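Below is one structure, written out as structure tokens; the observations come after it.
The values are calculated or read from the model by the stated rules, or taken from the named source; none is laboratory data. Just so it is clear, the model here is predicted, and its values are computed rather than measured. Glycine also receives a Cβ, built like all others from the backbone with ideal geometry; neighbour counts cover every protein chain displayed. Ligands, DNA and RNA are excluded from the accessible area calculation, which covers all protein heavy atoms including side chains. Shrake-Rupley method; radii C 1.70, N 1.55, O 1.52, S 1.80 Å.
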Amino acid sequence: MGIAHPTIVFGELSGKVVAFKVGLLGLGTVGTGTVQLLQDRAGRHSLMQELEIYRVGVRSLDKSRAVNLPDGILTTDLQAIVTDPEVEIVIEVLGGLEPARSLIMEAIAHGKHVVTANKAVIARYGNEIFDAANAAGVYVMLEAAVGGGIPVIQPLKQSLGVNRIHAITGIVNGTTNYILTRMQAEGSSFDDVLADAQKLGYAEADPTADVDGLDAGDKIAILASLAYGGRIKLPDVYCEGIRQVSQTDITYAQKLGFTIKLLAIAQRERAGLSGRSVAQQANGLNSPQRERAGLSGRSVAQQANGLNPPLLSVRVHPTLVPESHPLASIHGVYNAILVEAEPLGQVMFFGPGAGAGATASAVVSDILNVAAVLKTGHLETESASLHPLLACTHQDYCAIAPMSELVTRFYARFLTKDHPGVIGKLGTCFGSHGVSLESVVQTGIHKHLAEIVVVTHNVREGDFHQALAEIRQLEAVDSIPSILRVLEERNGEE
Ligand SMILES: NC(=O)C1=CN([C@@H]2O[C@H](COP(=O)(O)OP(=O)(O)OC[C@H]3O[C@@H](n4cnc5c(N)ncnc54)[C@H](OP(=O)(O)O)[C@@H]3O)[C@@H](O)[C@H]2O)C=CC1
Ligand SMILES: N[C@@H](CC=O)C(=O)O
Ligand code: NA
């Protein structure tokens, strides 16, 4: 098909236009940043000269736009973009599940390479998307989907590929880090700061995904899948957001030498914790988990120890982070991802996790990666296969251990009657469930009730909750307003 629409042609080499035609779906925060970057090529990689914005799909043609595009580039017919034979690379920056998912699938079916910033779609439909892409011989690139502009997807696929990953601990949601930072620094209210994050373009269209930890859950599922070489079932990822984090807890945490962060964590389950072996933990998996891990009908002990992909803990929750930990100093919309690997040791990726320019940097880098492969003519022969360090070809599922088996420290705040002996009763309940306390502080009287803050040593989460269930029955205990996990200072491990 000839070029029926006006286009922005950037590249003309040896008198011959060699542009890769890009179809952009979405012209919001990220789409606008992407166009701005593609229109401002001076001093950037020369391959950018060969990218051409061919069509841009939006919902409304009446909106004023922060970028100038020639007449006829904008369209509301997104399907026409993903089926247009002229388009080689489709950029999906619409957000949401539909029509994003269907358009990605249709683009793949029409032989287009896809670049997406959409972690929600990849975390839920990655299986079908990558199966289809691999069968069609096209790339699906997603650097912008995790950590915004921070390069973390490509490093996990390429530079860190030889490492055995022990743990990934990240601040991967800019909105919640921005909210927690300002609540902590200024004592601002949650709602006011959220409104600012929305104005700045950090938050998702529905900020529930940010605030309730679901966006971070999508991102850690994607990182875990790349790091551990297996697919992750999203419902297996435990997600707890920041709605219940109060000024009171922020203040107590500060007094105790911690800062509260929403952490996304994926780690190999460690053998021997709380006297349990990996095999026993794998026994605790429900049957679909064991089925997915390939454990059913075989010796769980034998298989869990050599599990490939391994048995993992994958979770998102607000966490007390020691002030001395590298993640404690990540503020505002910044993200950071700490990777602990063998033989490399610790490496931390840090940078802006959201925002137009930063995210566009990741999107356009992905486009360049695809254009670079296309330029080599690598995919043009019948027998050509996808570049193994750019494609995603995992088939097996990782088994995810239940949260009750997690071994972690806890912070808990109790409101109790101000009676003698209450602290002793709490200690007895904890002790009878094997929960050892690092500190117990009675911090004052709050509406005629005593406020007691407890920090535990490492405990098995299931044991801790059993102790709490017993404590709730105590006549002296009014309520337990907060329970938060605590990160250990050494090695970023819990
Ligand atoms: N914002 C950020 O900092 C980051 C965002 N991301 C991800 O990037 C993606 C885009 O986010 P963002 O740019 O913030 O989103 P915006 O809401 O700012 O922009 C969405 C764009 O998509 C268009 N659009 C949405 N639905 C449709 C539809 N059904 N038909 C046609 N057009 C549609 C909108 O059109 P119109 O303009 O006409 O309304 C708009 O241009 C999301 O997946 C997000 O998770 C990833 C990293 C950081
Ligand atoms: N809403 C997300 C945007 C980037 O993924 C965030 O706040 O991190
Ligand atoms: Na990134």
### Query
Using a cut-off of 25 Å between alpha-carbon atoms, which lysines can reach residue 112, once sequence neighbours fewer than 8 places away in the same chain are excluded?
16, 21, 157, 219, 375
### Task
Compute the length gained on full extension between residue 445 and residue 199: take 0.36 nm times their separation in residues and subtract their Cα-Cα distance, giving the result in nm to one decimal.
84.7 nm
### Message
Rounding to the nearest 10 and keeping the result within 0 to 90°, find how far the Cα-based axis of helix 461-472 lies from the longest principal axis of the chain.
### Response
50 degrees
### Query
How much of the accessible area of the chain, in percent, comes from carbon and sulfur atoms when a 1.4 Å probe is used?
50 percent
### Message
Need one number: the % of Cα-Cα pairs in the range 125-282 sitting beyond the 28 Å mark.
### Response
33 percent
### Query
Calculated from DSSP H runs of 4 or more alone, at -39500 (n - 2.57) each and per residue, what is the 222 nm mean residue ellipticity of the chain, nearest 500?
-9500 deg cm²/dmol
### Message
As an exercise, take the mean of 1/r over every pair of distinct alpha carbons in the chain, invert it, and state the Kirkwood radius in angstroms.
### Response
24.3 Å
## Note on the structure
the range 71-110 scanned against label point 7 Å out from residue 135 along Cα→C-beta; backbone N under 13 Å for 105-106, 108-110
### Summary
In whole Å, largest first, the alpha carbons of the range 331-400 cover along the principal axes 49, 36, 24
### Query
Once you put a point 7 Å from the Cα of residue 189 and another 7 Å from the Cα of residue 247, both along the Cβ direction, what distance in nm separates them?
1.0 nm
### Task
Would you calculate the separation in nanometres between label points at residue 404 and residue 77, each defined as 7 Å from the Cα along the Cα-to-beta-carbon direction?
5.7 nm
### Message
Based on alpha-carbon centroids, what's the gap between the range 458-489 and the range 110-167 in Å, whole number please?
### Response
38 Å
## Note on the structure
Cα extents of the range 407-491 per principal axis, largest first, Å, are 41, 23, 18
### Task
Run the dipole for the range 89-233 about the Cα centre, Lys and Arg Cβ at +1, Asp and Glu Cβ at -1, nothing else charged, and hand back the magnitude in debye, nearest 20.
680 debye
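Enter the accessible area per residue of the range 104-236 (Å², integer; probe 1.4 Å; all protein chains in place).
Accessible surface, normalised per residue, equals 31 Å².
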### Task
Starting from the amide H of residue 115, placed 1.01 Å from N in the peptide plane, find each other amide H under 5 Å away whose residue is 5 or more places distant or on another chain.
90, 91, 92, 141
### Task
Please give the contour-minus-distance gain from residue 473 to residue 208: 0.36 nm per residue of separation, less the Cα-Cα distance, rounded to one decimal in nm.
92.1 nm
### Message
In whole Hz and in residue order, list the ³J(HN,Hα) couplings for the range 440-447 that follow from phi through the Karplus curve 6.51 cos²θ - 1.76 cosθ + 1.60, θ = phi - 60°; x for Gly and Pro.
### Response
9, 10, 8, 9, x, 9, 10, 6
### Message
Output the 0 to 90 degree angle, nearest 10, between the alpha-carbon long axis of helix 214-228 and the longest principal axis computed from the alpha carbons of the chain.
### Response
80 degrees
